[in-house]
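Take a look at the structure set out below.
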Amino acid sequence: MPDRIPRPIILLAGVLLAGVFQLGQVPSPAHARVVTGISVVHRGGQTFVMWQNLGPGWRYRVYRGSPAIVDAHVLAATTLLGMVGDSSAVDRRRSAILGSLQTFRIDSSAAPLPAGSGLFVHTPGAPTIAYYAVLAESSAIIFDSTLTAGQNRTVTGVAESPQMPLPVWQRKTASPANGDDYVLWVQSTPTSTMPALSNLPSIPTHLSLVRGVPGRPLTVFGHSRGGNSYNGLLGSGYPGESILCVEDHMPTRDVGGFTFGHHLEYDRGIFQNDVPNAGMLVADYVDRRMLYILDWAERALGHDPARVFLYGGSMGGSLAFFFAFHHPERIAASVGVIPKLCTGYTPDSNDWLRASFDRIWGRVADAPMGTNGVPVYEWMDGRSLAVRQRIVGTAPYSLFFGRADTVVGWPEKVAYAEAMQTNRIGGALFWDTRGHYDDPDLVPWKPTQTATRMHGFRVDRSFPALSHCSADGDMGDGSPGSGDNMGTINGHVAWDTTIVDLPTEWQCVLRSVSLPHRLGVFPAPESLFVDITPRRLQQFPVAIGVPYSYSVTDLETGQIVQTGTVQPDADALLTLPQVRVTPNGARVLIGHPTTSVGDRNVAAPGLMLALDSNPVRASASLTLHWATSGAGRARVLDVAGRAVRLLHEGPVTGTTTLTVDGRSLAPGLYWIEAVQGTARATRRFAVIH
């Protein structure tokens, strides 16, 4: 099973591209020059503008308007789409990686563009007939507005029709995987078919994939900082899976947006940016691109959308961790190796990584705000995410890291583990003595560090989130001499994937398991005790203030060894305390409540709700079983508890069937709340478009 994590790679492109810039003559400071050979093609929701380059040192302004741009007067009223440098048809990223000159294709079935071409890609937002012009400038000639029909301006308009832009196939990928390399051109202006995915227009984003068998899982691999989508085509080992890797790359010292993005005025054209001023917004461009490409992949590959796995190392391990938190409705499970978990942790273990965060996002002390409405160092820090996502939860994950890792840091892992336990998030943590750049085949947890750990999970299947396990190791306080050199949190507990999740009961079988490592095996504990919080519930209702009965059966003897009654906490999380688990298995059964509690905010025995599909794509049928006749209300809440849709309000009796329109909701997580008198029931669901 391929689980090697590639080491960071530093790519230098300048020497490889030196020959490209000999395609034209150095511009004369005394004479203006007019672009020639303009041509425009609209396909797949995007317009490709091409022309002949004038040579090194020239920059090109691309204009779009209607009517035709015939003179300077019309030009003054025309939209300047953006500016690109010389040789913009050259794929600099792939030329550097492959060691030979590569140019872009604008059509998967067409030849690559000539190296002497210019290229600008625009995504229109409305149907129209558009005309284009390309004007050149240099350091010697600031701007020349000469317009020549058929040379630097179009005579005939191009019919533009908005549709979702698709990545364009470029070439077969290099080793290690025999995949396909694609480019998606993104821009700074949002349209009806594509959100703003960059702070500049016409930016190529690379992605690579291996097409699997339709209906099988998709494994998304996160490459390391400085890596690329070629060495990121590593799968989980599931037969017939598709594999996708999306590059997080910028041609600057900061290399990429560290799975999130960068501030609005970040300059991709200079090697080192300054730290932004306090108050500068940070856009989640990388996160948006990942979601956009996942939507495309679902249509293009036909994989099982309930089995999307995320796997990666270093920065890619951080992608696996953060995406599981940010988008649990999209990810079945994830495995992250040597990840950074708490970008806001100070003092940081690595000065240059901290300096990079400062440049792309801003200083921790300045509390930069993301365009998603959340402070960046809360959204990108596992400690605060564990609190923010306590109700919603996360996709199940396994993380592997080292005490000697001074790149992403060890003390932050101890801090995160405490927040994970306190907020009942679940997940499995493994640590050993490795450093960040240790040979992945020689690390102590190598035999357990496999991506196959994800295979039993689905987006539409609940799971037990574990906390306070008696078999957990001691992480210490983060200082070098404290805690176990090698250990795990929750790693000794596994469960069968045949989980029963019905409106009347929830069942799961858990076992204590052995854990192999390079020097032997940590045996399965004869018995252990662990708190269990059912997460990602599909049908089983949990209501605040209601007592739930549970039992634990030892599968070896068939005897019930534990019984009890528990109530959900104020966040509607239901936790069974210290369930006894053995190697032979313990069957946990939670029953639906049959009694209400006084006049508190409870769910009466008959007040239940169920969705016929979760996640919701186009629409879903909602069935409400009311406790009695009278007035009732059902509405959709966002994760902050704000009402976003009223589904029903008025007289009710018996059973009511309603439709939840997913098309009218933005993708993400929501709650359905049903209220009748003092009774209340809720159900979490996800919307995917």
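Using the 10 angstrom Cβ neighbour count as an exposure proxy, how do 340, 413 rank, fewest first? Working shown, then result.
Values: 340 31, 413 25.
Placing the least packed residue first, the sequence is 413, 340.
For the chain, what is the calculated [θ] at 222 nm in deg cm²/dmol (nearest 500), taking -39500 (n - 2.57) for each run of four or more DSSP H residues and dividing by its residue count?
On the way: 8 runs with 74 residues, N = 689.
The helix-only estimate for the chain comes to -3000 deg cm²/dmol at 222 nm.
About its Cα centre, what dipole magnitude does the range 430-508 give when the only charges are +1 on Lys and Arg Cβ and -1 on Asp and Glu Cβ, stated in debye to the nearest 20? Walk me through the numbers before you get to the answer.
Details: 5 positive and 12 negative charges, 46 e Å.
That gives the range 430-508 a dipole magnitude of about 220 debye.
Using the Karplus equation 6.51 cos²θ - 1.76 cosθ + 1.60 (θ = phi - 60°), what ³J(HN,Hα) coupling, rounded to whole Hz, does each residue of the range 208-225 give in order, writing x for Gly and Pro?
10, 8, 10, 7, x, 8, x, x, 8, x, 10, 9, 9, 9, x, 7, 6, 5
Could you tell me what % of all Cα pairs in the range 276-376 have separations over 22 Å? Working shown, then result.
Working: 1942 of 5050 pairs.
Every Cα pair in the range 276-376 considered, those over 22 Å come to 38 percent.
Give me the percent relative contact order of the range 494-594, please, defined on Cα pairs under 8 angstrom at least 6 residues apart.
On the way: 226 pairs, mean separation 36.4, N = 101.
Relative contact order comes out at 36 percent.
For the range 494-594, evaluate the Debye formula with one uniform point scatterer on each Cα (no solvent term) and list log10 I(q)/I(0) at q = 0.13, 0.15, 0.18 Å⁻¹, rounded to two decimals.
-0.48, -0.62, -0.84
Under the definition of Cα pairs under 8 Å and six or more residues apart, what whole-number percent is the relative contact order of the range 18-160? Don't skip to the answer; put the middle values down first.
Numbers: 326 pairs, mean separation 49.8, N = 143.
Computed value for the range 18-160: 35 percent relative contact order.
Could you name the lysines in cross-link range of residue 340, using Cα to Cα under 18 Å and dropping any fewer than eight places away on the same chain?
Cα-Cα hits under 18 Å: 413.
Ratio of the range 608-687's C-alpha Rg to 2.2 N^0.38 Å, to two decimals? Write down the numbers at each step before the final one.
Working: Rg = 11.9 Å, N = 80, 2.2 N^0.38 = 11.6 Å.
Cα Rg divided by the expected 2.2 N^0.38 Å: 1.02.
Apply the a/c threshold of 1.5 to the C-alpha gyration tensor of the range 18-160 and tell me whether it is rounded, prolate or oblate.
Numbers: a/c = 2.24, a/b = 1.14, b/c = 1.96.
It is oblate, given that a/c is not under 1.5 and a/b is not larger than b/c.
Would you please give the residues with an amide H less than 5 Å from that of residue 542, counting only those at least 5 places away or on a separate chain, with H modeled from the backbone geometry?
Sorted by chain and number, the residues that satisfy this are 682.
Given that compact globular proteins tend to follow 2.2 N^0.38 Å, what is the ratio of the alpha-carbon Rg of the chain to that value? Display every interim value, and only then the final one.
Details: Rg = 27.8 Å, N = 689, 2.2 N^0.38 = 26.4 Å.
Relative to the rule-of-thumb radius for its length, the chain sits at 1.06.
Using Cα pairs closer than 8 Å and at least 6 residues apart in sequence, work out the relative contact order for the chain, in percent.
Working: 1794 pairs, mean separation 54.3, N = 689.
Worked out over the chain, it gives 8 percent.
With no solvent and one equal point scatterer per Cα, compute the Debye intensity ratio I(q)/I(0) for the range 379-472 at 0.10, 0.14, 0.17, 0.24 Å⁻¹ and report its log10, rounded to two decimals.
Each listed q corresponds, in turn, to -0.30, -0.59, -0.86, -1.35.
Stokes-Einstein at 4 °C, 1.567 mPa s, Kirkwood radius from Cα pairs: D for the range 171-307 in µm² s⁻¹? Don't skip to the answer; put the middle values down first.
Details: Rh = 15.8 Å.
In µm²/s, the coefficient is 82.
Could you run the Karplus curve 6.51 cos²θ - 1.76 cosθ + 1.60 with θ = phi - 60° over the range 394-407 and give me ³J(HN,Hα) per residue in whole Hz, x for Gly and Pro?
Listing the rounded values in order: 9, 5, x, 9, 10, 10, 10, 8, x, 5, 9, 7, 8, 7 Hz.
For residue 423, what is the net charge nearby, where nearby means another residue's Cβ is under 11 Å from its Cβ and Lys, Arg count +1, Asp, Glu -1? Show your work: numbers first, answer last.
Values: positive: 383, 388, 390, 424; negative: 418, 569, 571.
Result for the neighbourhood of residue 423: +1.
Relative to the first principal axis of the alpha-carbon coordinates of the chain, what is the inclination of helix 351-360, with its axis defined by its Cα atoms, in degrees from 0 to 90 and to the nearest 10?
70 degrees
How big is the Cα convex hull of the range 312-366 in projection, averaged over all directions, in nm²?
Working: hull surface 17.0 nm².
In nm², the orientation-averaged hull projection of the range 312-366 is 4.2.
Among 385, 310, rank each residue by its count of other Cβ atoms within 10 Å, from fewest to most, as a rough exposure measure.
Numbers: 385 26, 310 32.
Fewest to most other Cβ atoms nearby, the residues stand as 385, 310.
Within the set of other residues whose C-beta is less than 14 Å from the C-beta of residue 551, count the net charge using Lys and Arg as +1 and Asp and Glu as -1.
Details: positive: 580, 587; negative: 505, 554.
Here the count lands on 0.
Taking the Cα centre as origin and putting +1 on Lys and Arg beta-carbons and -1 on Asp and Glu beta-carbons, what dipole magnitude results for the chain, to the nearest 20 debye? Display every interim value, and only then the final one.
On the way: 55 positive and 56 negative charges, 231 e Å.
Computed charge dipole of the chain: roughly 1120 debye.
Bear in mind these aren't lab numbers, they're just calculated from the coordinates by the rules spelled out. Note that this is a predicted model, so its numbers are computed, not measured. Because the Cβ atoms are built from the backbone with ideal geometry, glycine has one as well, and the counts that use them run over all protein chains shown.
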